[in-house]
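Participant: Okay, handing you the structure first.
The values are calculated or read from the model by the stated rules, or taken from the named source; none is laboratory data. Remember, predicted model here, so these are calculated numbers, not experimental data. Because the Cβ atoms are built from the backbone with ideal geometry, glycine has one as well, and the counts that use them run over all protein chains shown. The accessibility values were calculated without ligands, DNA or RNA, using every heavy atom of the protein model including side chains. Shrake-Rupley method; radii C 1.70, N 1.55, O 1.52, S 1.80 Å.
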Amino acid sequence: MSKVVRFGISLPKGLSEKFDRLIKEVGYPNRSEAIRELIRKEFVSREWAKGDNVAGSITLVYDHSGREFLKRLTEVQHHHHHTIISTQHIHLDHHNCLEIVIIKGKPREAESLLSELRSIKGLKHVSLAMATTGKKIP
Ligand code: NI
């Protein structure tokens, strides 16, 4: 663990009160933890914006009964085999499936995969959670 640095922060009263309400709503244990997470979140979004190596996950929800749909989903995932490092498939009920696709690579590769997935007809949900490889985040 790296050495800890302490510093004071001045905020307008209204912003400070709003921040404290946010801390309660989100469930951060204290202001320091909230600020640490917000700073890290900003660095992660900068890694994505700058085109660094990143990691993340794409969540998909779909009805598995469409044969053309499954064929296309498999084709897209094979096309991006270098970006996809793992997938997990959960059968939600008799018809619906949830799939989590774990990705690692350049943001443009992740975005290209995401847009190909979005273009498949029959998808009920697709979302990207941008994360980090952690290498540049202290
Ligand atoms: Ni399933």
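Participant: Of the conditions (1) modelled with pLDDT of 95 or more; (2) within 16 Å of the ligand (Cβ to nearest atom), Phe69 satisfies every one except a single condition; which number is it?
Facilitator: Result: Phe69 fails condition (1) only.
Participant: Next up: Restricting attention to region 92-113, which residues are within 16 Å of the ligand (Cβ to nearest atom) and either touching a residue at least 24 places away in the same chain (Cβ under 8 Å) or in contact with a Ser or Thr (Cβ under 8 Å, 6 or more places away or on another chain) (or both)?
Facilitator: Leu92, His95, Asn96, Cys97, Leu98, Glu99, Ile100, Val101
Participant: Return a yes/no flag: does region 36-56 have any residue that is in contact with a Gly (Cβ under 6 Å, 6 or more places away or on another chain) and outside any strand (DSSP E or B).
Facilitator: The answer is no, given that none of the residues of region 36-56 is in contact with a Gly (Cβ under 6 Å, 6 or more places away or on another chain) and outside any strand (DSSP E or B).
Participant: While we're on this one: Checking the structure you have, find out if any residue of region 96-116 is touching a strand residue (DSSP E or B) at 6+ places or on another chain (Cβ under 6 Å) and of a type in the set (D, E, K, R).
Facilitator: Looking for residues that are touching a strand residue (DSSP E or B) at 6+ places or on another chain (Cβ under 6 Å) and of a type in the set (D, E, K, R), one finds at least one in region 96-116, hence yes.
Participant: Same structure again: Please state which of the following conditions Thr83 fails to meet, knowing it meets all the rest: (1) modelled with pLDDT of 95 or more; (2) buried (at least 17 other Cβ atoms within 10 Å of the Cβ); (3) more than 24 Å from Lys41 (Cβ to Cβ).
Facilitator: With respect to (1) modelled with pLDDT of 95 or more; (2) buried (at least 17 other Cβ atoms within 10 Å of the Cβ); (3) more than 24 Å from Lys41 (Cβ to Cβ), Thr83 is out only on (3).
Participant: Quick one: count up the residues across region 86-105 that are touching a Gly at 6+ places or on another chain (Cβ under 9 Å) and surrounded by fewer than 17 Cβ atoms within 10 Å (Cβ to Cβ).
Facilitator: Residues flagged as touching a Gly at 6+ places or on another chain (Cβ under 9 Å) and surrounded by fewer than 17 Cβ atoms within 10 Å (Cβ to Cβ) within region 86-105 amount to 1.
Participant: Please state which of the following conditions Val61 fails to meet, knowing it meets all the rest: (1) of a type in the set (A, V, I, L, M); (2) within 16 Å of the ligand (Cβ to nearest atom); (3) touching a helix residue (DSSP H, G or I) at 6+ places or on another chain (Cβ under 8 Å).
Facilitator: Checking Val61 against (1) of a type in the set (A, V, I, L, M); (2) within 16 Å of the ligand (Cβ to nearest atom); (3) touching a helix residue (DSSP H, G or I) at 6+ places or on another chain (Cβ under 8 Å), the one that fails is (3).
Participant: Output the residues belonging to region 18-36 that are open to solvent by 80 Å² or more (accessible area, probe 1.4 Å) and either among the acidic types (Asp, Glu) or closer than 30 Å to Pro107 by Cβ (or both).
Facilitator: Once the filter is applied, which keeps residues that are open to solvent by 80 Å² or more (accessible area, probe 1.4 Å) and either among the acidic types (Asp, Glu) or closer than 30 Å to Pro107 by Cβ (or both), region 18-36 yields Glu25, Val26, Arg36.
Participant: Can you pull out the residues in region 61-80 that are open to solvent by 80 Å² or more (accessible area, probe 1.4 Å) and hydroxyl-bearing (Ser, Thr, Tyr)?
Facilitator: Ser65
Participant: Looking only at region 1-17, how many residues end up being of a type in the set (Ser, Thr, Tyr) and surrounded by fewer than 10 Cβ atoms within 10 Å (Cβ to Cβ)?
Facilitator: Number of matching residues: 2.
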